[in-house]
Amino acid sequence: MGKFVTLKTELNELRQVDPRLVSYNVEMTEVTGGTFWKAYTEAQVDGTEEFPVIQDWSNMGNLQQWYDPIDTTNPRLIKLAKELGTAWVRVSGTWANKTYYDFDGHTNGQVPEGYQNLLTKEQWTNLLDFVKAVDGKLLVSFANCPGNHSKDEPWDTTQAKMLMDYSIEYGVPVSAAEFTNEPNLIALSGLPQGYTAADHARDHDAFGAWLKENYPDCLFVGPCTVGDIDMFGAGMEGAGGGMAAGYDIVTTEALLGEYKSKMDVFSYHYYNGVSERGAAMGGHWPYEAILTDKYLGIAAHCARQYAPKRDKYVPGGQMWVTESGDAGCGGNTWASTYADVPRTLNELGEFTTVTDGVIFHNTLASSDYGFLKHGTFVPRPNYFAVLLWNRIMGTAALDASEVAAGARIYAHSRKDGKDGVAYLVVNNTNEAITVELPREADVYVLAGETGLRSRNMTLNGNVLALGEGDVLPALEPVKAEGTVEIPATNCAFIVL
């Protein structure tokens, strides 16, 4: 017999949360062109073909492929991003650590020694136009590589100043900045040869001081770490060991040292595991485990571990998850299907019960974990899931713990500002959940069109897909009174 829960029309408020909670990454490699995670085959997405086990994870040629820059001027891309509402747009990633800004064309397309790729003025201008068109705010990180400086030299501000000044001049300023993407993965992030945690602490402080002196309106965000906690939970079966096995992961405390330049926002990266591509690193969860409470509990598990670090370094500040998704290394084979929707919605619900902040989904429009399919920008199930979240869930996170009684139920104020409660129910069980309603409710039930691993999602039985002229489908609820059943593996928004 499935669970039976009774909803309430009044709940205590936990906190106000950022209206830009749902934000996203446009990786630097998407802007400039470059290598990114190799696409899965159609059969691998369906689950009918296994992804080959790759033991030599250091051979990135097995895992990645070249992609030309995405078209950030594409009308469909802009329309769909704008429909999500105002958001932070983060341009970063490992490629950002090694990108040279050639805004006057003096390199003639030749990448300077010590860098990996070039960012042109036209590419950056198009990106700024995109941010403006979608009413976004811009977060960036900068190059920290052998081309910029050696380990014994201070970080050079010349390139960063060029990008900051041009963005201000163009009318789309950089509103927040992280120093380096994932600096604690020193061996993997392209940092100067021999770079240490102490070198980073020196440069991070200098960066913060430079930012505050020259761009006081820009938020100083950091330290942008990943994996320096127990990411998947002690004793969590099925995760295949710790993340980044064989690589040194430097702690937040070591990276920040004496910490002289105070940050405005504390940031970290969180994924629910490592994808099939990077399974040799450890931390890969099998498909059969993705609806377990342990798997879905990782978002809150990570947030609770990072919260004391936030309290230490940025007391009273927000926490930003500046990269998030179902799995590192571009997403699992099922990331583009309905199967990842319970995790995505559950993450938003859990995170807001722990803290205020912003979650940057990786990515908007690249690799298997993108909200939109690379190249065509066709929306995937996760896109419609967060679109509904943004249209239904208000900024007041409410305490639904008593209501939930062992179920995965979250509550917020109504986005329309009316009195009442907007609930999210994630049914990760193999039985229906019966929900007793205190009054008439608007109900939005989400399911995979042909099952959990479907490429299409339905809303109250209707397939969600773009219409002619890229018109969004109607996102209409059904009315319900008395009780409503949420079938196994379905998610539902219920507005009272």
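The values are calculated or read from the model by the stated rules, or taken from the named source; none is laboratory data. It should be emphasised that the depicted structure is a prediction, and the values quoted were computed from it without experimental measurement. In this analysis, Cβ positions are derived from the backbone assuming ideal geometry, glycine residues included, and neighbour counts consider all displayed protein chains.
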(message) Among the residues in region 427-435, are any outside the structural domain of ILE298 (by TED's automatic domain parsing) and touching a Cys at 6+ places or on another chain (Cβ under 8 Å)?
(response) yes
(request) Answer yes if at least one residue in region 46-63 is touching a strand residue (DSSP E or B) at 6+ places or on another chain (Cβ under 7 Å) and either among the charged types (D, E, K, R) or modelled with pLDDT of 95 or more (or both), and no otherwise. (result) no
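For (1) within 30 Å of ASP205 (Cα to Cα); (2) in the same structural domain as ASN490 (by TED's automatic domain parsing); (3) assigned to a loop (DSSP other than H, G, I, E, B); (4) out of contact with any helix residue (DSSP H, G or I) (no Cβ under 7 Å at 6 or more places or on another chain), each residue gets a yes or a no:
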residue: LEU291; (1), (2), (3), (4): no, no, yes, no
residue: ALA300; (1), (2), (3), (4): yes, no, no, no
residue: ALA307; (1), (2), (3), (4): yes, no, no, no
residue: PRO315; (1), (2), (3), (4): yes, no, yes, yes
residue: TRP320; (1), (2), (3), (4): yes, no, no, yes
residue: GLU323; (1), (2), (3), (4): yes, no, no, yes
residue: TRP334; (1), (2), (3), (4): no, no, yes, no
residue: LEU345; (1), (2), (3), (4): no, no, no, no
residue: PHE351; (1), (2), (3), (4): yes, no, no, no
(request) Taking VAL31 as the residue in question, decide whether it is modelled with pLDDT of 95 or more, under 30 Å from THR73 (Cβ atoms) and of a type in the set (A, V, I, L, M, F, W, C). (result) yes
(request) Please name all residue pairs, on different chains or six or more residues apart, with Cβ atoms under 7 Å, provided the first residue is in region 217-233 and is touching a residue at least 12 places away in the same chain (Cβ under 8 Å) and assigned by TED's automatic domain parsing to the domain that holds LEU139 and the second residue is charged (D, E, K, R) and assigned to a loop (DSSP other than H, G, I, E, B). (result) LEU219/ASP264; PHE220/ASP264; VAL221/ASP264; CYS224/GLU182; THR225/GLU182; VAL226/GLU182
(message) Conditions first: (1) over 23 Å from PHE384 (Cβ atoms); (2) surrounded by fewer than 20 Cβ atoms within 10 Å (Cβ to Cβ); (3) touching a Ser or Thr at 6+ places or on another chain (Cβ under 9 Å). GLU449 passes all but one, so which condition is the exception?
(response) (1)
(message) Which numbered condition in (1) under 23 Å from ALA441 (Cα atoms); (2) out of contact with any His (no Cβ under 6 Å at 6 or more places or on another chain); (3) buried (at least 24 other Cβ atoms within 10 Å of the Cβ) is the only one that ALA397 fails?
(response) (2)
(request) Could you tell me whether region 121-128 includes any residue that is touching a residue at least 40 places away in the same chain (Cβ under 8 Å), among the aromatic types (Phe, Trp, Tyr), closer than 17 Å to THR29 by Cβ and not in a loop (DSSP other than H, G, I, E, B)? (result) yes
(message) Quick check on region 139-151: of everything there that is closer than 21 Å to ALA209 by Cβ and either in contact with a strand residue (DSSP E or B) (Cβ under 7 Å, 6 or more places away or on another chain) or of a type in the set (Phe, Trp, Tyr) (or both), which residue is surrounded by the fewest Cβ atoms within 10 Å (Cβ to Cβ)?
(response) VAL140
(request) Quickly run through region 152-168 and pick out the residues that are within 26 Å of GLY194 (Cβ to Cβ) and surrounded by 16 or more Cβ atoms within 10 Å (Cβ to Cβ). (result) TRP155, THR157, GLN159, ALA160
(request) Would you point out which residue out of GLY136, GLY190 is touching a residue at least 40 places away in the same chain (Cβ under 8 Å), crowded, with 22+ Cβ neighbours inside 10 Å, closer than 17 Å to TYR101 by Cα and within 25 Å of the chain's Cα centre (by Cα)? (result) GLY190
(message) From the list VAL386, VAL425, VAL445, exactly one residue is of a type in the set (A, V, I, L, M) and either over 27 Å from SER23 (Cβ atoms) or in a helix (DSSP H, G or I) (or both). Which is it?
(response) VAL386
